[in-house]
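The structure appears right after this line, and notes come after that.
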Amino acid sequence: MRILIILFIIFFSFSTQSENIAKCENLFNSYDLEKCLKNYKYMLKNRELEISILNLSGKPYKNGVIFVHVCDKYQPKYKYTNSTGKLTISFSELIIHQCPSLIKINIRTGFGMCPNGKSANTVWDSLKVQEILNLNCFKNNN
């Protein structure tokens with residue numbers, strides 16, 4: 001009986017690790033894509049996502065002010081990138097519940113980075129799963 005329980009635990013520990021690595025492919029089969037995106041959404045629930053942010057010159061955006069919109073919902077607090085230019089976003093159950101299957105994160109800096117005092121911005125989404133985002137002065141409509 002103990003051997004069976006140990007094998008069961010080992011099997012499920014490997015299956016969760018393989019789920020973390022899997023990334024959705026942009027296939028023509030919309031059902032499979034939707035199913036994959038929903039699984040990825042479920043995987044992000046109650047977890048943190050760390051994304052590297054690069055400034056306009058391609059260097060890490062260190063200790064910078066960031067405003068975050070997850071699935072078009074503004075997060076009540078502004079955030080800072082850390083000393084290496086990484087931004088950490090927590091996906092609470094409430095945030096994930098409000099998102100459709102494709103999760104989009106709109107990231108905007110404080111004002112003054114772009115011409116005419118405008119803010120720089122970028123977008124992360126759960127289909128591309130980018131590890132590094134480049135800030136730019138153009139509005140992202142992805």
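The values are calculated or read from the model by the stated rules, or taken from the named source; none is laboratory data. None of the values given here were measured: they were computed from a predicted structure. No Cβ is skipped: glycine too gets one built from the backbone with ideal geometry, and neighbour counts run over all protein chains shown. Accessible surface areas use protein heavy atoms only, side chains included; no ligands, DNA or RNA. Shrake-Rupley method; radii C 1.70, N 1.55, O 1.52, S 1.80 Å.
Below, the figures for the structure above:
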| quantity | calculated |
| --- | --- |
| Unique match (being closer than 30 Å to ASP32 by Cβ, surrounded by 12 or more Cβ atoms within 10 Å (Cβ to Cβ) and modelled with pLDDT under 85) among LYS73, LYS104 | LYS73 |
| Qualifying residues in region 1-45 (those that are at pLDDT 70 or above and basic (Lys, Arg)) - the one nearest to ILE89 (Cα to Cα) | LYS45 |
| Some residue of region 51-62 being out of contact with any helix residue (DSSP H, G or I) (no Cβ under 7 Å at 6 or more places or on another chain), in contact (Cβ under 8 Å) with a residue 60 or more places away in the chain, exposed (fewer than 14 other Cβ atoms within 10 Å of the Cβ) and outside any strand (DSSP E or B) | yes |
| In region 131-142, the residues that are modelled with pLDDT of 85 or more and either closer than 19 Å to ILE96 by Cβ or open to solvent by 50 Å² or more (accessible area, probe 1.4 Å) (or both) | GLU131, ILE132, ASN134, CYS137 |
| Scan of region 107-126 for residues that are open to solvent by 40 Å² or more (accessible area, probe 1.4 Å) and in contact (Cβ under 8 Å) with a residue 12 or more places away in the chain, ordered by number | ARG108, MET113, PRO115, LYS118 |
| Among (1) over 12 Å from SER126 (Cβ atoms); (2) at pLDDT 70 or above; (3) surrounded by 10 or more Cβ atoms within 10 Å (Cβ to Cβ) - the single one GLU48 does not satisfy | (3) |
| Within region 84-142, tally of residues that are over 18 Å from LYS62 (Cβ atoms), among the charged types (D, E, K, R) and part of a loop (DSSP other than H, G, I, E, B) | 3 |
| Test: SER90 is in contact with an Asp or Glu (Cβ under 7 Å, 6 or more places away or on another chain) and surrounded by fewer than 18 Cβ atoms within 10 Å (Cβ to Cβ) | yes |
| Filter result (of a type outside the set (Lys, Arg) and assigned to a helix (DSSP H, G or I)) within region 38-50 | ASN39, TYR40, TYR42, MET43, LEU44 |
